[in-house]
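The values are calculated or read from the model by the stated rules, or taken from the named source; none is laboratory data. Everything numeric here is computed off the predicted structure, so don't read it as measured data. Every residue, glycine among them, receives a Cβ derived from its backbone with ideal geometry; neighbour counts consider all protein chains shown.
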Amino acid sequence: MCDIAHGAQIASRAIVMQQKTKRPVQFEITEQTRKSVRAWVELAKLQPDNALFPSRIHDSPRLSARQYARIVHRWVSGIGLDDTAYGTHTMRRTKASLIHRRTKNLRAVQLLLGHAKLESTVRYLGIEVDDALETAEQTEVWAEAAEGACSTAQFGQEQKFAGQATLTMKAAVLKSM
């Protein structure tokens with residue numbers, strides 16, 4: 001719990017180590033989630049050295065991934081959805097897909113997921129070639145919009161950067177195919 005709580009305050013962001021990659025990944029804790037966590041900490045009378053979600057098994061201090069998956073499956077079926085269609089990984093992918101759909105920022109999604117390679121993020125999201133190329137074209141538009149605000153030399157650098165970004169995105173898409 002000390003990873004997200006500082007006294008009675010719940011942090012708005014935290015970092016966890018991904019088990020698979022052993023890389024740190026930062027994530028947001030929304031206001032609604034912070035309120036829920038605060039209420040849970042008080043209800044469960046948790047101390048700073050306790051796990052936020054303790055295990056019912058005495059040999060383990062925290063909830064295991066399998067225990068968490070069972071809870072999610074019970075929640076999903078409890079609200080009338082097909083529990084075979086939704087799970088812990090589905091929620092992770094859904095959040096990433098929503099962020100990408102809203103922002104078209106592959107790099108941001110890559111960082112949030114903790115992927116080392118952009119190609120992995122493209123594959124993970126199931127981005128179609130047309131979508132990725134559209135995003136790449138939008139990157140070029142940004143540089144063109146900067147033309148009026150920059151000197152010719154600065155614009156040349158912006159155009160060069162936009163071209164590199166486009167090539168990088170196109171390469172990521174092609175590698176993922």
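Determine whether region 130-152 contains at least one residue that is modelled with pLDDT of 80 or more, among the small types (Gly, Ala, Ser), assigned to a helix (DSSP H, G or I) and closer than 24 Å to Arg23 by Cβ.
Checking region 130-152: not a single residue is modelled with pLDDT of 80 or more, among the small types (Gly, Ala, Ser), assigned to a helix (DSSP H, G or I) and closer than 24 Å to Arg23 by Cβ.
Considering every residue within region 11-31, establish whether at least one is without any contact (Cβ under 8 Å) to a residue 24 or more places away in the chain, in a helix (DSSP H, G or I) and surrounded by fewer than 11 Cβ atoms within 10 Å (Cβ to Cβ).
Yes, because at least one residue in region 11-31 is without any contact (Cβ under 8 Å) to a residue 24 or more places away in the chain, in a helix (DSSP H, G or I) and surrounded by fewer than 11 Cβ atoms within 10 Å (Cβ to Cβ).
Restricted to region 104-118, and to residues that are closer than 19 Å to Ala14 by Cα and in a loop (DSSP other than H, G, I, E, B), which residue is modelled with the highest pLDDT?
Checked region 104-118; the qualifying residue modelled with the highest pLDDT is His115.
Please go through region 32-59 and pick out each residue that is loosely packed, with under 11 Cβ neighbours inside 10 Å and closer than 24 Å to Leu113 by Cβ.
The one that is loosely packed, with under 11 Cβ neighbours inside 10 Å and closer than 24 Å to Leu113 by Cβ: Gln32.
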